[in-house]
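Shown next, in structure tokens, is the structure this report addresses.
The values are calculated or read from the model by the stated rules, or taken from the named source; none is laboratory data. If you're wondering where the values come from, they're calculated on a predicted model, not measured in any experiment. Cβ placement follows ideal geometry from the backbone for every residue including glycine, while neighbour counts extend to all protein chains displayed.
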Amino acid sequence: MIKKITAGILALAGCTLINSSPAMAEDSGFYLGGNAGPTISHLDESGMTNRVAGPGLNITSITRDNNSIGYKLFGGYQFNNYLALEGGWFDLGRFNFRSTSTPAGTLNGDMKFRGVNMDALLRFPISDQFSLFGRGGVTYAQTRDSFTSTGTIVLPANPTPNKWAWNPKYGVGLEYDVTPSFGIRAEAERYRVNDAVGGNGNVDLFSLGIIYRFGKEKEAPIQVAAVQPVVLEPVVVPVPVVVAPPAPVKTVFASDSSAGSLFGFNKSDLRPEGKRTLDIFVEDLRGASFETMSVTGYTDRIGRDEYNQKLSERRANAVRDYLVNVGGIPAHKITAKGAGESNPVTTREDCAGKDGNPLITCLAPDRRVEVEVTATRTSE
């Protein structure tokens, strides 16, 4: 059953990699991490006693210490938002048991499990910072046993057997991204293990750990400069007269890929730098009179239309909410909408021949938020 589950997860991971969209490259890259936590063994101690001491033994009692502490160190590569390949080293801790028998005798067993693993991870984002993931893979692990006895139980020729063996493993987890580079993981995993004397069992690891993703804090240079906000000054005329309203004034903010951009890459939560940019915009509007303000979010052309449309809407709504709740813009005067990948700034020729990260950098001008102000001016 475990092998079927593991094979299914690996097969599904392969399909995800083959069919993944280039837009998902936003979360690609190498990462390192480590976890630690309690382990619980599920071993066949009675079977181990019979295999070590010989069949037909009359076992009267078994006491177990099946709790320990384990850890793992890992590294991996995130192919896209949904799929990663991860390998690492693990140590599941130390477990022991004591069997008694008649005629009077005891067998004491001590087991340690450690090895290497290779897993495929399927990730399911549930917000900008939280994601669930499932994993399935294989281990090549060493089991080191040590047996001692008293009374009528006679030990085999080798009382300290050890064995390396291939076995499956699987698990589930939750990840929280504190920053684009640094995250926290909580996981529950089951490791299939060989007991080194002819049997099999399971060890569960419940762990908490950290993960560091390389290159996520670096911002790619934006290709076009954002248009500076225009301050609308009152018109002074010799006699009272109504002045026709000027044409709408449009301000373009970089969504990501610059030091002062509003959002992190593929995120819709305003960055501290983005909030400061909007604060400057609001301050420049102080004293100006305007009728309406519209906020429009745009994405680049990479990826599925549905995904890009929803991302552009979330970003536009985040800007509108900040301008209303923090900037003091009257809510009835401001609207927001997402336009997805429509009306790009770049052309196909601009980024011809580029793929992967170079293409993402080239298309940065398309990922933007435009704020258009329809102003009115009246004489004093």
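Quick look at the numbers
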| item | result |
| --- | --- |
| Flag for Arg51 being among the charged types (D, E, K, R), touching a helix residue (DSSP H, G or I) at 6+ places or on another chain (Cβ under 8 Å) and surrounded by 15 or more Cβ atoms within 10 Å (Cβ to Cβ) | no |
| Members of region 58-107 found to be crowded, with 20+ Cβ neighbours inside 10 Å, over 30 Å from Lys267 (Cα atoms) and of a type in the set (A, V, I, L, M), listed by number | Leu92, Leu107 |
| In region 283-299, the residues that are closer than 17 Å to Thr335 by Cβ, modelled with pLDDT under 90 and either aliphatic (A, V, I, L, M) or not assigned by TED's automatic domain parsing to the domain that holds Glu313 (or both) | Leu285 |
| Test for Phe90: is it under 18 Å from Asp195 (Cα atoms) and assigned by TED's automatic domain parsing to the domain that holds Thr152 | yes |
| Near pairs, Cβ below 7 angstrom, 6+ apart or cross-chain, from region 328-353 (assigned by TED's automatic domain parsing to the domain that holds Ala288) to any residue that is in a loop (DSSP other than H, G, I, E, B) | Gly340/Thr299; Glu341/Thr299; Glu341/Asp300; Glu341/Arg301; Pro344/Arg301; Val345/Val224; Thr346/Leu363; Cys351/Leu363 |
| Residues satisfying the stated conditions in region 275-302, i.e. in contact with a strand residue (DSSP E or B) (Cβ under 6 Å, 6 or more places away or on another chain) and closer than 19 Å to Thr361 by Cα | Gly297, Tyr298 |
| Residue match in region 168-178 (condition: in the same structural domain as Ile69 (by TED's automatic domain parsing), farther than 30 Å from Ser268 by Cα and part of a loop (DSSP other than H, G, I, E, B)) | no |
| Tally, over region 116-153, of residues that are under 25 Å from the mean Cα position of the chain (by Cα), among the small types (Gly, Ala, Ser) and assigned to a strand (DSSP E or B) | 5 |
| Leu205 within 17 Å of Phe133 (Cα to Cα), surrounded by 19 or more Cβ atoms within 10 Å (Cβ to Cβ), among the hydrophobic types (A, V, I, L, M, F, W, C) and in contact (Cβ under 8 Å) with a residue 24 or more places away in the chain | yes |
